[in-house]
Every structure is written in C-alpha cells, then in structure tokens.
Amino acid sequence: MPTFPNHTIPSMFPASIMLNIIGGKNKDSHSEIVQQARTIPTAALHLYGKESKPARKIGHITVIGSSMSQAESLIAPLLNLTDIMRAERKGLSLPSSKDIPSTISIPQAQIAVTMGSDSDLPVLKPGLALLEQLRIPYFVTITSAHRTPLRMQAFAASAVARGFKVIIAAAGGAAHLPGMVAASTPLPVIGVPVKGSTLDGMDSLLSIVQMPRGIPVATVAINNSVNAALLAARILGASDEGVRLKLEEYAEKNADEVGDKAERLESVGFEAYLQK
C-alpha cells in the first residue's frame with residue numbers, strides 16, 4: 001500500500017490518477033520522475049524493489065486532487081517525463097524541454113484537520129465541504145491520542161513549522177485528542193465532539209470542554225463540524241482580509257436565504273409553507 005508523505009486521506013478527494021513507472025533505456029532513467037513525484041504533496045510513490053530494465057514495470061505513482069482537473073494538472077509533469085523515457089527507450093525524437101510544465105504548486109494549507117479514527121470522517125465532512133466552498137486550503141489526517149500517541153504528538157509539535165494557523169480535532173468517547181494536541185502546540189485548537197453509540201456524545205463534549213486551566217481548547221456542539229470550520233476561518237480572517245471577505249459573503253448569503261424564507265412564510269401562511 002503506497003503511503004502519502006503528508007498523510008493526506010485519499011477518501012477526501014474525489015479524483016485520483018495512477019501512473020505506472022516503466023523501466024527506461026538505462027537503469028536510472030526513472031530517477032527524475034521519482035524525484036518529481038516526491039515534490040507533489042498529494043502524490044504517493046510505490047517502488048516495487050525490482051531491478052530496472054527496459055519496459056519493465058518497476059512501480060507506480062498515485063496522484064489525488066480535489067477535482068479531476070487538479071489531478072490532471074498535478075500529474076502532467078510526470079506524464080511528460082514518462083513520454084521522454086518512452087521516446088528514449090524506443091529511439092524516437094524527444095519532446096522539447098520547453099513543453100514540460102514545471103511542478104504544480106498547491107496552496108499552503110492553513111487549517112489542519114485531524115481525527116481519532118476514520119469513523120469520525122462523516123462528521124467532519126460538512127465542515128470540510130464548507131472550507132471547500134470558502135476556498136480555504138486545508139490538510140486532513142488521522143492521529144489517535146490512544147493508538148498512535150507518538151504520531152499525534154509529532155503532528156501537533158510540527159504544526160507551526162508546517163505553516164498551519166489553526167487545528168480542528170474531532171474525537172468521540174473519551175475524546176482526549178483535542179486536549180492532547182493543544183498541549184503539544186501553541187496554535188489554537190478547536191475540538192469537535194463526535195456522538196458515539198452511547199451517552200449521545202455527552203462524554204465527548206465534556207471530555208473536550210473540561211480542559212484544565214492553561215491548556216485552552218475551543219469546543220463546538222456535538223457533531224457540529226460546520227461551526228468548527230467557521231470558527232477556524234474566523235481565526236484566519238482576523239489577519240487575512242481575503243478570508244474575512246469570504247466569511248462576510250457567506251453571512252450575507254445566509255441572511256438572504258432566511259429573508260426569502262420569511263417572506264414566503266408571511267405570504268402563504270404556515271400551513272401552506274409546511275406542506276411544501
């Protein structure tokens with residue numbers, strides 16, 4: 001199973017493309033495509049450990065994106081390098097280097113989103129969809145406070161160096177993740193209590209909100225990832241005018257929707273309104 005260098009969760013992306021790595025004319029012909037793949041944050045490189053021989057499959061690269069067009073843009077430089085390898089292997093004329101696009105850059109994610117288990121992902125989905133709507137780059141991963149404590153601590157401790165500005169952490173049950181993340185980073189942390197099969201999520205809510213003095217964790221309502229996303233965006237918007245303007249547009253849209261509903265209710269009456 002290929003591993004993603006930044007631990008991005010492929011299931012959060014609707015588009016993925018896989019490119020086979022075929023041995024070239026020389027044993028190291030594929031080295032450039034391997035190096036290029038490693039510069040793409042959402043590319044997973046899997047080499048099979050086989051000796052490189054002409055036309056032999058020695059690995060593959062999977063690139064994921066938020067849309068098929070983005071995935072195609074990301075993989076374009078790799079496709080061009082693959083064409084060059086094929087032409088060299090078959091003795092064909094090589095494409096001009098000016099036709100090879102430079103590496104496509106992905107906007108730096110400012111919001112990191114983590115969860116204790118992938119079963120929390122459906123709860124986070126509405127909030128992630130809102131960040132997509134607001135066009136705010138984000139990063140998603142899994143860091144269990146109980147099953148992977150070292151991974152969780154490393155994630156939190158490196159958050160500042162990786163350029164994140166705020167962290168959203170979702171957890172259910174004992175829900176230690178948001179608090180433990182907050183204990184390992186100076187960044188603001190927003191906890192999302194996840195409703196479990198027992199106690200209606202109150203255990204998660206109380207576990208997150210009852211933090212000891214000195215380690216604050218902002219806490220939203222049970223399963224309310226939308227408010228977590230909005231709060232994270234507001235934190236960014238305090239120093240980023242572009243994000244603030246997007247939030248103002250979002251608020252205006254919500255106000256217009258409520259106004260339209262009120263106008264219709266006043267016009268047709270509550271019975272007709274409820275029937276539709």
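Derivation of every value follows stated rules applied to the coordinates shown; laboratory data play no part. All figures in this text were calculated on a predicted structure; none of them were measured in a lab. FYI the Cβ positions are ideal-geometry reconstructions off the backbone, even for glycines, and counts take in every protein chain you see.
Quick notes on this one:
- Helical runs (DSSP H, four residues minimum) scored at -39500 (n - 2.57) apiece and divided by the length of the chain put the mean residue ellipticity at 222 nm at -13000 deg cm²/dmol.
- Against the chain, whose longest principal axis comes from its Cα atoms, helix 225-237 is set at around 80 degrees.
- Helix 241-268 axis, angle to the chain major axis (alpha carbon atoms, nearest 10°): 50 degrees
- Under 23 Å from Lys53, Cα to Cα: lysines that are on another chain or at least 8 residues apart: Lys25, Lys27, Lys90
- The lysines whose alpha-carbon is closer than 18 Å to the alpha-carbon of Lys276, local same-chain residues fewer than 8 away aside, are Lys261.
- Two-site label geometry, Lys261 and Lys27: point separation in nm, points 7 Å out along Cα→Cβ: 6.8 nm
- Using alpha-carbon coordinates, inclination of helix 121-134 to the longest axis of the chain, degrees: 80 degrees
- Bridging of Lys195 to lysines at a Cα separation below 28 Å is possible for Lys125, Lys165, once same-chain residues fewer than 8 apart are set aside.
- Listed from fewest to most Cβ neighbours within 10 Å, the set Asp240, Asp200 follows the order Asp200, Asp240.
- Ranking of His146, His60 by count of other Cβ atoms within 10 Å, fewest first: His146, His60
- Between Lys125 and Lys195, the FRET efficiency estimated from the beta carbon spacing at R0 = 22 angstrom works out to 0.95.
- As a rough footprinting exposure proxy, the listed residues Thr39, Thr62 were ranked by other beta carbons within 10 Å of their own, and the order from fewest upward is Thr39, Thr62.
- This structure gives log10 I(q)/I(0) by the Debye sum over Cα atoms at q = 0.10, 0.11 Å⁻¹, computed directly, and of (1) -0.57, -0.68; (2) -0.66, -0.76; (3) -0.45, -0.55 that value is listed as (2).
- Met68-Val268 pseudo-label distance in nm [points 7 Å out on the Cα-to-Cβ vector]: 3.7 nm
- Calculated diffusion of region 111-237, Stokes-Einstein form, Kirkwood radius summed over Cα pairs, 10 °C and 1.306 mPa s, µm²/s: 114 µm²/s
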